[in-house]
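Input: a single structure, listed below in structure tokens.
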Amino acid sequence: MGLLSLSKERFRLGRLRKSLEKEPLPHGIAECVLGYLTLGDHAAAQEVLEFGRSVFPDAQEIRRLGARMSSVDAERRVREAKERVRSAPSMAAYLDLADAFRSLQRDDSSVATLEESIRRFGDQCSALVQLGAMRLERYRDSLKASDALAAKAWLDRAAAADADAVKPHYLLAELFALVGARDAARGCIERTLALAPEHDRARRLLRDLDHQKVERAEGNTGEPDFETLASRVEIARSFGDADRTSRADEGSITMPLQAPTAEVARLRETTGASCVVFGAQSRPSVESHDLVTECEDGLRERSVVMRELADLCDRAARGMDLGAPARLVVEGEDSSCILELKRGAFMGVLVGSDHDVEGSAVATRDALERVVRA
Amino acid sequence: MKRIIQSLKERVGVKGALIMTGDGVVAASDLGGSLDADSVAALASASVLRAMKSATELGLGRIRRLTLTAAFGRFVFVPLDELVLVVVTEPQLDLDLTLLEIAGPARQMIAMSRLDHPM
């Protein structure tokens, strides 16, 4: 954009801003904020956004602009952190840059930064833990043996780099529990609790393992090695394929899903939804059970429609070669339906048109994640 | 319509767009090389129709927008009177911004379709 165009655009935005002060419109405010952001005038964009928030506190367009501004802030943080890495490289500067990348969900850049920091400054527990945690996170979604092995390698190195660090042991325990290596998981939890006796999540994980041990006491004849277990999970990971063995049958990860009545009730309370439904899709990869619902009177029968929508979402995504579906949002004039899908299970909510759809979707995704990972 | 599709395609992260009638006939499209417009329109038409029926059953009112996010991409469907605007984006793209960017062309299209069919 030439200087003349820049000055014309600034003049246009100035006029638009004045007219919005007289007659505020959400889409006009959005245009003005985006225009200022394009010009790089972050301060003016923020001022117009604040004005928009004061006039239309509940407008979705204004909320979306808020999210956009946050991402602009994160990009600025990345630029500043990059500058620090260039001018005064240190492990702390690298860690900050990696964290800034993660806040933008640029995990590949974050991993590259952390690897570079380790090459430059040697093994450092925080960097190694972050690499292990990201690989573990990826493993939760992919269930690929290669991810499990890589996560284990990073976390082993982290534990070796700092024997007193709690996090590597706890994350290793989670990883072992995920692949079904219960004895190894128990060993890691014991080390975690020896270092941090108040570690609640470790205690919960230990309780879960004890519970599984009781359930599977019969017919349990020793535990294969980590790589074998991770490979077995990978073979059984295709939850959408009914011809394959499910992880439940494999016995490596707790399946079927427990009916998450409390989670469903909590989600309804936090989102203010008129209806929350949890269930397995019709072509289930998790063992099918009845829909778990939490609805206002008269809405209960609509939960079946939500399951049909989840199936439709699955067919449409796969038919269009988009891979596994993750979310369907149907925004209507009166209310909106949000469906989150993960590994053959779905969580659906109905919220009013005045509700924050994006916020409700995030809450729904988190609730489903917790249920599926539990 | 071509112009609207073109302007949408120029937005960051937008892989393509098409405009189709409710029964799946493509009116204008630019989906890049990876997707076939007719196949997408056929599937999109069936999906949108079914979703509209479900929306009625769920009491959502008239559908304003339908967003399907999957592992390798995101489809945003915007029903516009008798037409449907379909926008294909990267899955990781900031959806909030995309929706803001789609809103403008969608308003233009509604205005155009009303000019074509005066009440």
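Residue-wise HN-Hα couplings along segment A:273-279, as the Karplus relation 6.51 cos²θ - 1.76 cosθ + 1.60 with θ = phi - 60° gives them from phi, are 6, 7, 7, 10, 10, 10, x Hz; Gly and Pro carry x. For chain A, a Gaussian network of Cα nodes joined below 10 Å ranks A:Leu350, A:Leu193, A:Leu149 by mean-square fluctuation, and the top entry is A:Leu193.
Compared with the rule-of-thumb size 2.2 N^0.38 Å for a compact globular protein, chain A has a Cα radius of gyration ratio of 1.17. Share of carbon and sulfur in the accessible area of segment A:1-62 stands at 58%, probe radius 1.4 Å. Three semi-axes describe the equivalent ellipsoid of segment A:1-52; taken as square roots of 5 times the Cα gyration tensor eigenvalues and ordered largest first, they are 19, 12, 8 Å.
Calculated mean residue ellipticity, 222 nm, chain A: -21000 deg cm²/dmol, from DSSP H runs (n ≥ 4) at -39500 (n - 2.57) each, averaged per residue and rounded to 500.
Rounded to the nearest 0.05, the FRET efficiency derived from the C-beta distance between A:Val304 and A:Leu3 at R0 = 41 Å is 0.10. Label sites at A:Ser103 and A:Arg119, each approximated as a point 7 angstrom past Cα along Cα to Cβ, lie 2.6 nm apart.
Determine the relative contact order of chain A: mean sequence separation of Cα pairs under 8 Å and six or more apart, normalised by residue count, in whole percent.
9
Take the solvent-accessible surface of the protein heavy atoms, probe 1.4 Å, and return the percent of it on segment B:1-96 that carbon and sulfur atoms account for. Roughly 55 percent of what the probe reaches on segment B:1-96 is carbon or sulfur.
Three principal axis extents of segment A:94-160 based on alpha-carbon atoms, in descending order, are 30, 29, 14 Å. Comparing mean-square fluctuations of A:Ser19, A:Ser70, A:Ser142 from a GNM of chain A with C-alpha springs under 10 Å, the top value falls on A:Ser19. For chain A, taking a cut-off of 4.7 Å between Cβ atoms, the unpaired cysteines are A:Cys32, A:Cys125, A:Cys188, A:Cys313, A:Cys337. Interface between chains A and B: roughly 3300 Å² of accessible area buried, both sides summed (probe 1.4 Å, protein heavy atoms only).
Computed with a 1.4 Å probe over protein heavy atoms only, the accessible surface of chain A comes to 49 Å² per residue. Phi-derived couplings, Karplus 6.51 cos²θ - 1.76 cosθ + 1.60 at θ = phi - 60°, listed residue by residue for segment A:351-365: 10, x, 5, 8, 7, 7, 5, 5, x, 5, 5, 5, 4, 5, 4 Hz, with x used for Gly and Pro.
Give A:Lys152/A:Lys342; A:Lys18/A:Lys82; A:Lys22/B:Lys2 a once-over and call out the pairs whose C-alpha atoms are over 32 Å from each other. As for pairs spanning more than 32 Å Cα to Cα, those are A:Lys18/A:Lys82; A:Lys22/B:Lys2.
Placing +1 on the Cβ of every Lys and Arg and -1 on the Cβ of every Asp and Glu, with no other charges, gives chain A a dipole of roughly 1040 debye about its Cα centre.
Going from the chain on its own to the full set of protein chains, segment B:69-86 has these residues losing 30 Å² or more of accessible surface (heavy atoms, 1.4 Å probe, no ligands, DNA or RNA): B:Thr69, B:Ala70, B:Phe72, B:Phe75. Taking chain A as a Gaussian network of alpha-carbon nodes connected by springs under 10 Å, the highest mean-square fluctuation of the residues A:Ala159, A:Ala273, A:Ala194 belongs to A:Ala194. Of the residues in segment A:40-76, those shielded by at least 30 Å² of accessible area once partner protein chains are present, compared with the chain alone at a 1.4 Å probe, are A:Glu61, A:Arg64, A:Arg68. Here each label is just a point 7 Å from Cα along the line to Cβ, and for A:Thr270 and A:Lys22 those points are 4.6 nm apart.
Cα-based radius of gyration for segment A:1-129, normalised by 2.2 N^0.38 Å, reads 1.38. For B:Lys15, the residues whose modelled amide H falls within less than 5 Å of its own, excluding neighbours fewer than 5 places apart on the same chain, are B:Val88, B:Thr89, B:Glu90.
The values are calculated or read from the model by the stated rules, or taken from the named source; none is laboratory data. The structure presented is a predicted model; accordingly, all values stated were derived computationally and were not measured. Note: ideal-geometry Cβ built from the backbone for every residue, glycine included; neighbour counts use all protein chains shown. Accessible surface is based on the protein model in full, side chains and every heavy atom, while ligands, DNA and RNA are left aside. Shrake-Rupley method; radii C 1.70, N 1.55, O 1.52, S 1.80 Å.
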